[in-house]
Amino acid sequence: MAKQLEEAADFVMTYGGWYQRTTLHLVEIFEFCAHGTSKLALEKKELSRLHRQLRLKDVVRRPGTLEFLAMETTDGITIRYFEDGLYVFEMPSTVARFAKDRILLEKYAQDIFTPAIAYIFSHGAPTPKILANIPVKHPIVLRYSTKEPGELLLSKKSVGTVYSVLSVDAVTVHKTDECIIIASKPGTPHMEELVESHIFFREFKSQLEKYLSIHRTIWEKISDIKERKQIRVKDLSQIRGVLDGYQKTVTLIGSRMQQMASYSKTRAVLAQKLDIDTSLRELFAFKFETLNDTLEYVKELWKMTIAYLQSAITNVSDIQGQGTQRGIQALQVLTTVGALNILVTLFVRKDLLIPTGYGSLYVLGILILSWSVMMTIKYIFQQKAYSLTFNDRNEDL
């Protein structure tokens, strides 16, 4: 009986993600999706090519608490792109077609739509390389209507092992590593909004997990430098370049995290405004407080990361400053030697203004000697090792 129910079950499949955007970005996306144009300094041929690949037959701006673009492709994929950066791709499917339709939906989103939008925003602050290299796996949500929402009509083989179940009167949410399955009684309102909320939850959490991972990576890299205890002067430029790259990364990600709280609050307010009963409201709002608590925790870790990184940069800069001072001192010595040599020559040689072979060799010898002394001083300094001093916690506490 269960197998018959599964084979007969039709559902809507949703693939979605979230990347912080604003109303200004939505206007740019609309111009591109509706007309294939952009006011930015982008290649027109490339814009045209990317727009053709989207295969959009309808693009409409919809007002609301959050304005969004409603789009549809010639393949039957429905797209909603919200002003806060949440985007969803939907298409109807069945259990028999699930695997094939999932590939179609994901390929369109990852290989066609995402690169097109990325090109629109290719100018401006870049995505940190360490973040761009982290694989992104966006959630798949399946929703359907059934008289018994507590009974999962999809097999473990289709969606994976369920690790979480949350039920209210009319709706049950099953979660697996592969999918989120939302089953509701016929006529239950706001199921689209519920899908969008769960995609937002998972994407918000996923971004924080990435930032936590980057914090650990950068912290360990700095610790590796610290553990050397001593660093040769000739290695300072390379180390400083690495630290400057980390500083750029933490600055960009820090700015992102400062923005995230406002997006979470907006989504929470949107959930509160929906005309739904108290039990269903739990499915919309139960995680917002947890998300904000997690965000504050990661932001505090990020402050520690910034302080630790700045401490390393300051130490390296101090050593580089010492190197510059030593170089100036060496030049001062050589300048003094040269000046004394000229004075001695003035007192000893009477035919100074008459070029001679001996005089030329003498000047050449002085230049070679000066260069040799300079290179020797430079080599000795380059091999010199300095200690890095970090402000660690007091071990007596």
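The values are calculated or read from the model by the stated rules, or taken from the named source; none is laboratory data. Predicted model, so just to flag it, every value in this text is computed and none were measured. Cβ atoms come from the backbone with ideal geometry, glycine included; neighbour counts cover every protein chain shown. All accessible areas refer to the heavy atoms of the entire protein, side chains included, with ligands and DNA or RNA removed. Shrake-Rupley method; radii C 1.70, N 1.55, O 1.52, S 1.80 Å.
Quick one: which of Lys248/Lys303; Lys226/Lys303; Lys57/Lys147; Lys100/Lys205 span more than 25 angstrom between C-alpha atoms? Write down the numbers at each step before the final one.
Working: Lys248/Lys303 14 Å; Lys226/Lys303 19 Å; Lys57/Lys147 35 Å; Lys100/Lys205 28 Å.
In this structure, Lys57/Lys147; Lys100/Lys205 lie more than 25 Å apart at Cα.
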Return the distance in nm (one decimal) between the two label points of a simple spin-label model at Arg61 and Leu40, each offset 7 Å from Cα along Cα→Cβ. 1.8 nm
Hey, with R₀ at 51 Å, roughly what FRET efficiency would Thr217 and Ile368 work out to, going by the Cβ-Cβ distance, to 0.05? 0.55
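Accessible area per residue, 1.4 Å probe, Å², for the range 53-199: what's the number? Don't jump to the answer; show the numbers that get you there.
On the way: 6870 Å² over 147 residues.
Solvent-accessible surface per residue comes out at 47 Å².
Return the subset of Lys107/Lys210; Lys265/Lys299; Lys137/Lys273; Lys107/Lys185 for which the Cα-Cα distance in this structure is over 28 Å, preserving the input order.
Working: Lys107/Lys210 23 Å; Lys265/Lys299 16 Å; Lys137/Lys273 30 Å; Lys107/Lys185 31 Å.
Violating the 28 Å limit, Cα to Cα: Lys137/Lys273; Lys107/Lys185.
Measure off, as a whole percent, the carbon and sulfur share of the 1.4 Å-probe accessible area of the range 27-156, all protein chains present. All intermediate terms of the calculation are to be shown ahead of the outcome.
Values: 3680 of 6800 Å².
The value for the range 27-156 is 54 percent carbon and sulfur by accessible area.
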